[in-house]
Amino acid sequence: MQYDEFIATKKKTELATGHNPNVLNEHLFDFQHAIVTWACRRGRAAIFADTGLGKTLMQLSWADDVLKHTNQSVLILAPLAVSDQTIRQGQTFGIEIQKFAGQTEPGIYITNYERMDDAFEHEWIGVVLDESSILKAHDGKTRTRLIENCQGIPYRLSCTATPSPNDFEELGNQCEFLGIMTRVEMLATYFVNDAGDTGTWRLKGWGASKFWEWMGSWAVVVRNPSDIGFDGSKYNLPEPIYKEHVVDCESDGDLFSKQAMTLTERRKAQRLSIEARCKKLAEIVNNEPDEPWLIWTHLNDEAELLQSLIPNSINVQGSDKPETKTKHMLAFSDGSLKCLISKPSICGYGMNWQHCARIGFVGLSDSFEKFYQAVRRCYRFGQSRNVHVHMITAQSEGQVLANIKRKEKQHHQMSESMIEHMRDIMNNELKGTTTITETYREDVVTHDRYTIHLGDCVKIAKTIPDESIDYSVFSPPFADLFVYSNSDHDMGNCKDDNEFIDQMAYLIDELYRIIKPGRNVSFHCMNLPTTKMRQGFIGLRDFRGDLIRAFQKVGFIYHSEVCIWKDPVVAMQRTKALGLLHKTIRENSSMSRNGLPDYVVTMRKPGEADPRVKHGEDLPVHLWQKYASPIWDDINQSRTLNKLPARGENDEKHMCPLQLDVIERCIHLWTNPNDLVFSPFTGIGSEGVCAVKMGRRFVGAELKPQYWELACANISDATNAQQKDLF
């Protein structure tokens, strides 16, 4: 394909697989109608709408439209008791939903996650995950079965409240369920885990905007209709009132001389304070007997004690039969039960209890998601009163409450940032208009000794005349992702090594065309470590060999290479690579490895060089012996151009300019004075500075404006200095 077509294939967007909807349910609000229309068009989509925004109506309208369009059955999977609630709401909206019991007639069926295996023995045209945060357990059996069983279903809808913006593995599970990209691919493409902390993922600096743009093509994230351009005034709820109650409790030696900090200490503190906490909450509840109360516990002993202390209360626990749980939860919904006691993991998802404005937490865990969902059962659209949230803790448990507050603040900040990033792309998606396009520009600075282009190196190389370049030396991106920019033109922005080599091949074709016969191209590279996340194993990949083979494929001759020594201690300190750590020697020496050197590989274009490159007194025997050595162990690794002025705040990694010693030796050995040297990856101008200082001419290309501007300044300064030296 043409190069522009290849670049277009790199843009990570998800093609719509659905249909234009029919007449949608009349009960949909304007913003809901827009979201459902978009989801029908997408076919496979995620609706991340905060609690109370009508996810149930939206998913039922979507399922109803898919049923009418295909005349085939749609399955809804929901948490326990939510099934009955959904059936009731469907009747209100005029949409018939049936509990699944093996029926084969076309329709909309619903079942609990616990019973999904029976349902997946039948064929479905569409599936809806209600409260799809169940996918959060990325290594759980439920997640695995869901994803595997749904991959052949054409229509898929994932519905949950706004996901935690920093829970990237949950987002990966969501997009894998929808068949957009696997969780591993998503993490490898847009995220990085810092050395020494392989379990924590964060967005790469230059990857952030690309990630949210990509996510906005398959998910709508809404906390308020105003997030997507609609009137959200009806969704501004009375602020919840949080009331903290700290109780004294019996001491246990030194445990309560200070706050419990570790998980073990906190669990012990919770158990020792059960009676004091439960009595305090029961006192508060019993003082307002006419109010419906929703009480959340953390331990079974807490729930049992509270039920004995609060008249007319019911404890819904994990050991109850599903029918019993459902009966009690629906009794609380219709008001016949005044006080419901349970754990967030049992009743904290999916239920609508806006009639209740009193919540009590007698036990807290560090899970902000459970706390958030538990409060949102009552604090949601339709709530007309201030929700009073009572949190009972012991003096020694301050760390738990502090963690919840910290996570809540972080959640709101990151949610705001996420929606701000996604706002434009979501609005364009909902309106069906053109998506955001990438900004790409070109510029050039010329001088009689150099020409420096801003732009894609392949596009720039296409403008260079045939067989006009005497020598090319450069350091390409090391097949790493989002290192320098978020542009699809950037060769560092490739999903894997194969895509990098495919893009690099376009440049190699141009290099073969523009290099003079018999002349050389030198590239700097190294072999690259693999990771379990990306490649599935810890080892090395032959990046150097991949580049050599790519050059040979178009006709270049594998001419020469030199190995550049690098200190393994420095590499270990910088990367914390498992194979270089001394503790690996003690624990499992079979995983220990040598450090990784750099290479300068030189390829030659077939033919006779005319004119030839000749040296006299400028390359004496002792210097030639140094150049001819297969290992350069005297390269000054710190002798590079100053990279700090080009450092952008979103740069993911420090730029690593090629050492000037290396460039100078290559230019000295393989060029004549006044030869034209080309670098397709000019960076901050290292090759250009060396070329003009050594009396050669230079042409270069650089994609990133910050680097290009500094390269122009560096090469201009070098040219002026070289001209002064002449006089």
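Coordinate-derived values only; no laboratory data. In this text the structure is predicted, and so the values were computed from the model without any measurement. Ideal geometry is used to build each Cβ from the backbone, glycine not excepted, and the neighbour counts take in all protein chains shown.
Only one residue of I564, N403, I310 has its Cα farthest out toward the positive end of the dipole of the chain, where Lys and Arg carry +1 and Asp and Glu -1 on Cβ, and that residue is I564. Going through [x] 103, 69, 46; [y] 84, 75, 58; [z] 104, 87, 45, the figure that equals Cα extents along the principal axes in Å as computed for the structure here is [x]. Listing E5, E169 from fewest to most neighbouring C-beta atoms within 10 Å gives E5, E169. For the listed peptides 664-672, 628-636, 464-472, a ranking on the average number of other beta carbons within 10 Å per residue, highest first, reads 664-672, 464-472, 628-636. Rounded to the nearest 10 degrees, the inclination of helix 660-670 to the longest alpha-carbon principal axis of the chain is 40 degrees. Could you tell me whether the range 41-161 comes out rounded, prolate or oblate from its Cα gyration tensor? Rule is a ≥ b ≥ c as square roots of the eigenvalues, rounded for a/c under 1.5, then prolate if a/b exceeds b/c, otherwise oblate. The shape class here is rounded.
Across the range 309-365, C-alpha contacts under 8 Å between residues 6 or more apart give a mean separation that, scaled by the residue count, equals a relative contact order of 36 percent. Averaged over residues, the count of other Cβ atoms within 10 Å places the peptides 106-112, 54-60 in the sequence 54-60, 106-112, highest first. Ordered by the number of other Cβ atoms lying within 10 Å of each residue's own Cβ, fewest first, S333, S342, S209 fall into the sequence S209, S333, S342. Tell me the angle of helix 30-42 to the major Cα principal axis of the chain, expressed in degrees between 0 and 90 and rounded to the nearest ten. Once rounded, the angle reads 50 degrees.
With +1 assigned to the C-beta of every Lys and Arg and -1 to the C-beta of every Asp and Glu, and no other charges, what is the dipole magnitude of the range 41-161 about the Cα centre in debye, to the nearest 20? Display every interim value, and only then the final one.
Working: 13 positive and 15 negative charges, 77 e Å.
It works out to roughly 360 debye.
Put simply, the C-alpha atoms of the range 443-726 give a gyration tensor, and the ellipsoid matching it has half-axes of 30, 22, 20 Å, longest first. The GluC sites (Glu not before Pro) of the range 670-725 include none that meets both criteria, a DSSP state outside H, G, I, E and B (loop) and at most 13 other C-beta atoms within 10 angstrom of the site's C-beta. For the chain, the 222 nm mean residue ellipticity estimated from helices alone, with every DSSP H stretch of n ≥ 4 adding -39500 (n - 2.57) and the total spread over all residues, rounds to -12000 deg cm²/dmol.
Checked against a 18 Å cut-off, the cross-linked pairs K11/K431; K495/K566; K370/K409; K343/K370; K243/K280; K210/K495 give Cα-Cα distances beyond that limit for K11/K431; K495/K566. Which listed residue (A609, I452, W218) has the Cα farthest towards the positive end of the charge dipole for the chain, taking +1 on Lys and Arg C-beta and -1 on Asp and Glu C-beta about the Cα centre? After comparing all options, I get A609.
Ordering C690, C159 by the number of other Cβ atoms within 10 Å of each residue's own Cβ, fewest first, gives C159, C690.
Dipole of the chain computed with +1 at Lys/Arg Cβ and -1 at Asp/Glu Cβ about the Cα centre; of G595, S345, N498, farthest Cα towards the positive end is G595.
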